[in-house]
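Everything on this sheet refers to the single structure shown next.
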Amino acid sequence: MRPRLFGITASLAAFGLLGSLVTACGSPGSGGTTLRLVVPEYGDSPATSSKTYWDRLAIAFAAAHPGKKVEVTLYPWAEVDREVTRMVEEGDAPDVALLGAYSDFAAQGRLHPAGEVLSIRTEANFLPPLVKAGSVDDTLYGLPFVASSRLLFYNQELFDEAGAKPPKTWSELKDAARALKEEGVVYPYALPLGPEEAHAEALIWELSNGGGYTDIRGEYSLASERNAQTFRWLKDNLVGPGLTGPVPPGRLNRQDAFDAFLRGEVGMLNGYPSLLHQARKKGMKVGTLRMPVSDTLDSEEAPPAAGVADWMMAFKREGNRELVGSFLDFVYKDENLNEFAERYRLLPSTVSATQASRGAAADPSAEQFLIALRGARLYPVNEPSWLQVSNTIKRNIGKAVEPSADPKAVLEQIARQAEEAAQPE
């Protein structure tokens, strides 16, 4: 799975970064003295590469733990899941990996539960929604590292020119989009349901109508009537009237929508903290608010925001539990976690780090993202089938808003494929 509402996939081959970064001398066979860590690249250039952070952290850990060493390997996001899977299948799993999903390895019995490797203080410090998403059968296997939530962004200058008001409901969003279109805005509302990250946009809209990917029992509910209602509304009220721009939503990818927003061509879209930082750096005036809710919901209902996290996981290797525990407790120190989160404009995953975050204090909008994350609904990453299910959603959900589509039928087809993916082999 690549449940990413944030981060940039970079080609490390172009940077010359692909491969191992060894802190102090060591080898994969060093037993309890050398920890092997595999992480993805969050940067998009040598200047922003994650290498700088992990090099510094590895050196600091070795200094604080004499005789212990950390060997770090970076891969692009597009490759890291595949590479770790290959290592596991070859019987050469790393000690610790940072990935977008963990549940398939947990289902195989490959991972240490958090209680075996973390101190009580560290384990108890994670934000509750992230603990829920990181747990299988009430046991924490996926250790949340950095996270994000989504808010609705609107271009304040375009809104002022159109005389539009920040929307709180779907009908108000439609009214604002109409006003923006009349002023010639290219994308009144950018609806990226293209294959890059359609599952994110879809979840945001489903949650705002009281739906989502799973029901209260945690079972898939992809074709629920609430979800069908959501896509019928999008098709009839935004896509059909031409309020989503010149590119069909099923072909509009997230990054293309973000780029258009930064060019001043988008009135509204769902975004995350790093996009807000980019926009303000360009001098744009951007407003943020919680995703508007369906007019069918009770006025007092407040659906959760969509959230996402990337996950640390500790692989079982003979004699590595103590070293892994020491390293992870070090990683989750407030200053270390916040340094990474602030570097990439993400949110830290622990209670104490969010309280200590300088970014939240300096930027009121960052506090909005934190508040949204505390009550957010995450992807069902604790389902081993989620990788296949999310890929099915990404490839097909855009069809639900095509002119001749029956949204319910599209969702039912996705649900059938999800059911097949969830069947034990």
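Residues of segment 317-331 that are touching a helix residue (DSSP H, G or I) at 6+ places or on another chain (Cβ under 9 Å) and open to solvent by 10 Å² or more (accessible area, probe 1.4 Å): 317, 321, 322, 326, 329, 330. For first residues located in segment 291-314 and touching a residue at least 24 places away in the same chain (Cβ under 8 Å), partners that are open to solvent by 80 Å² or more (accessible area, probe 1.4 Å) and lie 6+ apart or on another chain with Cβ distances below 6 Å form the pairs 292/168; 304/377. Summed over segment 371-385, the residues that are more than 15 Å from residue 219 (Cβ to Cβ), open to solvent by 10 Å² or more (accessible area, probe 1.4 Å) and in contact (Cβ under 8 Å) with a residue 12 or more places away in the chain give a count of 4. Among the residues of segment 93-109, just one is among the charged types (D, E, K, R) and either surrounded by fewer than 21 Cβ atoms within 10 Å (Cβ to Cβ) or in a helix (DSSP H, G or I) (or both), namely 104. Considering (1) in a helix (DSSP H, G or I); (2) modelled with pLDDT of 95 or more, the lone condition that residue 82 does not fulfil carries the number (2).
Here segment 248-290 is the region considered, the condition is being without any contact (Cβ under 8 Å) to a residue 24 or more places away in the chain and touching a Lys or Arg at 6+ places or on another chain (Cβ under 9 Å), and the residue that is farthest from residue 376 (Cα to Cα) is 262.
Within segment 130-154, the set of residues being of a type outside the set (Val, Ile, Thr) and in contact with a Pro (Cβ under 8 Å, 6 or more places away or on another chain) comprises 130, 133, 134, 140, 141, 147, 148, 152, 154.
Of the residues 90, 71, the single one that is open to solvent by 60 Å² or more (accessible area, probe 1.4 Å) and either within 21 Å of residue 353 (Cα to Cα) or at pLDDT 95 or above (or both) is 90. Among the residues of segment 240-247, is any open to solvent by less than 20 Å² (accessible area, probe 1.4 Å), more than 20 Å from the chain's Cα centre (by Cα), under 20 Å from residue 156 (Cα atoms) and at pLDDT 95 or above? For segment 240-247, residues open to solvent by less than 20 Å² (accessible area, probe 1.4 Å), more than 20 Å from the chain's Cα centre (by Cα), under 20 Å from residue 156 (Cα atoms) and at pLDDT 95 or above: present. Residue count for segment 182-212 satisfying the condition of being at pLDDT 95 or above, open to solvent by 20 Å² or more (accessible area, probe 1.4 Å) and closer than 19 Å to residue 272 by Cα: 1.
What number of residues in segment 384-425 are out of contact with any Ser or Thr (no Cβ under 6 Å at 6 or more places or on another chain) and under 28 Å from residue 108 (Cα atoms)? Residues in segment 384-425 being out of contact with any Ser or Thr (no Cβ under 6 Å at 6 or more places or on another chain) and under 28 Å from residue 108 (Cα atoms): 19 in total.
The values are calculated or read from the model by the stated rules, or taken from the named source; none is laboratory data. Here the structure is a predicted model, which means the values were calculated and not measured. We place every Cβ from the backbone using ideal geometry, glycine too, and count neighbours over all the protein chains shown. Just so you know, the surface numbers come from the protein's heavy atoms only, side chains and all, with ligands and any DNA or RNA stripped out. Shrake-Rupley method; radii C 1.70, N 1.55, O 1.52, S 1.80 Å.
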